[in-house]
Amino acid sequence: MNEKKFASTGDMREKRISFTEIGAPGSGCYSFTAEGDPNSGVIIGDNCVLVIDAQATPILAQKVIAHIREVTDKPIHHLALTHYHAVRVLGACAYHAQNIIMSDLSREYVVERGQQDWDSEFARFPRLFSGHEDIPGLTWPTVTFSNSMTLYLGGRVVELHKIGRGHTAGDMIVYVPDSQVMFAGDLVEYKSACYCGDAHFTDWFNTLDRLSTFDMQALLPGRGDALTTPKMVAEGIKLTKEFLSVLYGSVADSAQGGKTLKEAFDACNATMRPAFGDFAIFEHCQPFNVSRAYDEARGIDHPTIWTAERDSELWAALNG
């Protein structure tokens, strides 16, 4: 790897984990958060458990499972993956779930770039991939859907929806109607930078508008603290929109003005840093975010595949 190392390689501090029931007391919906690391969600049904997002390795997944066992001994039958990024999915084998569920477009992502994504993220996030030797291979779904599907955890209804492109082309949300709790994956972040390397910026805003039409008492974002009141939910969605708007607006202005990618990166950093510079993984995400925004602003709809080599070259070019 180039001597100019990714910002995340220096983040080796163990994060403090929180496992909290969200929604009304007795909702059976839980958030697993870790100070800006990828979140997981848990829904306890009448006869089984659904986990949302697996974590990066089986070792990290076992931490989620340990917390689940503090509140229930019901079997984990279902694992829903809100999208396909290695830090979200490669711990899947630890759950021994009967069903691994993705949207159809997320499965296409695995086919097209699953191994490249694994290689890429492995190099970027060494702490999250501690224990990577236990990963048996790419995570593949056993069930996919195109628009929506319903799961029945006994008598409990859980809705899975694909409401539009955003963080990736295949983003899924998971909604629990009886408790009005939403698990939004990386469509929403709270005081954490949005990773936009595979994003569809202009669609993302419309997707967030559709997300806002659900009746939500609580929402678990992809990173950051759980949003535990309707006011916090609205704030989290608004903050995500603001982050994306400032980012894409700055880069689009640069691209349309004929500036180079490096010039766009420097201008975007200067614009964003006062409001967002202290967000989790901000420094890490910026080169990938600006590169993808620059491509989309120039009419490239399908995100270019990230490889470990491309990552390293971009990081060195923009941070040199």
Quiz item: Within region 104-112, is there a residue that is under 15 Å from the mean Cα position of the chain (by Cα), crowded, with 18+ Cβ neighbours inside 10 Å, charged (D, E, K, R) and at negative phi?
Solution: no
Practice problem: Go through region 277-293 and give me each residue that's in contact with a helix residue (DSSP H, G or I) (Cβ under 8 Å, 6 or more places away or on another chain), more than 17 Å from G166 (Cα to Cα), of a type in the set (A, V, I, L, M, F, W, C) and outside any loop (DSSP other than H, G, I, E, B). | Solution: F282
Practice problem: Considering every residue within region 61-80, establish whether at least one is of a type in the set (A, V, I, L, M), part of a loop (DSSP other than H, G, I, E, B) and over 16 Å from M182 (Cβ atoms). | Solution: no
Exercise. Pairs only if they're at least six apart or on different chains, beta carbon under 8 angstrom, first in region 187-199 and more than 9 Å from R223 (Cα to Cα), second of a type in the set (D, E, K, R) and in a loop (DSSP other than H, G, I, E, B); list them, first residue then second.
Key: L187/D171; Y195/D186
Quiz item: Are any residues in region 155-177 acidic (D, E) and buried (at least 22 other Cβ atoms within 10 Å of the Cβ), and if so, which ones?
Solution: D171
Quiz item: When you look at L219, is it surrounded by 15 or more Cβ atoms within 10 Å (Cβ to Cβ), under 28 Å from V110 (Cα atoms), touching a residue at least 24 places away in the same chain (Cβ under 8 Å) and within 16 Å of the chain's Cα centre (by Cα), yes or no?
Solution: yes
Quiz item: Quick check: anything in region 121-133 assigned to a helix (DSSP H, G or I), over 13 Å from L60 (Cβ atoms) and open to solvent by 60 Å² or more (accessible area, probe 1.4 Å)?
Solution: yes
Exercise. Go through (1) in contact with a Cys (Cβ under 8 Å, 6 or more places away or on another chain); (2) in a loop (DSSP other than H, G, I, E, B); (3) β-branched (V, I, T) one by one and return the number of the condition T240 breaks.
Key: (2)
Quiz prompt | Given (1) open to solvent by less than 40 Å² (accessible area, probe 1.4 Å); (2) outside any strand (DSSP E or B); (3) of a type in the set (A, V, I, L, M); (4) touching a residue at least 40 places away in the same chain (Cβ under 8 Å), index of the condition I101 fails | solution = (2)
Self-check item: Long-range neighbours under 6 Å by Cβ, at least six apart or interchain, first residue free of Cβ contacts under 8 Å to residues at least 60 places away in the same chain within region 33-49, second outside any loop (DSSP other than H, G, I, E, B) and not charged (D, E, K, R)
Solution: S40/F32; S40/V64; V42/Y30; V42/V51; V42/I68
Quiz item: Taking into account only those residues within region 1-33 that are at pLDDT 95 or above and touching a Cys at 6+ places or on another chain (Cβ under 9 Å), which is surrounded by the fewest Cβ atoms within 10 Å (Cβ to Cβ)?
Solution: E21
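Kindly check whether there is at least one residue in region 61-75 that is small (G, A, S) and in contact (Cβ under 8 Å) with a residue 40 or more places away in the chain.
Taking every residue of region 61-75 in turn, none turns out to be small (G, A, S) and in contact (Cβ under 8 Å) with a residue 40 or more places away in the chain.
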Quiz item: Which of (1) in a loop (DSSP other than H, G, I, E, B); (2) surrounded by fewer than 20 Cβ atoms within 10 Å (Cβ to Cβ) is the odd one out, the single condition V188 does not satisfy?
Solution: (2)
Quiz item: Which members of region 225-256 meet the condition of being open to solvent by less than 10 Å² (accessible area, probe 1.4 Å) and either more than 17 Å from A199 (Cα to Cα) or not aliphatic (A, V, I, L, M) (or both)?
Solution: L227, V233, G236, T240, F243, S254
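The values are calculated or read from the model by the stated rules, or taken from the named source; none is laboratory data. In this text the structure is predicted, and so the values were computed from the model without any measurement. Note: ideal-geometry Cβ built from the backbone for every residue, glycine included; neighbour counts use all protein chains shown. Just so you know, the surface numbers come from the protein's heavy atoms only, side chains and all, with ligands and any DNA or RNA stripped out. Shrake-Rupley method; radii C 1.70, N 1.55, O 1.52, S 1.80 Å.
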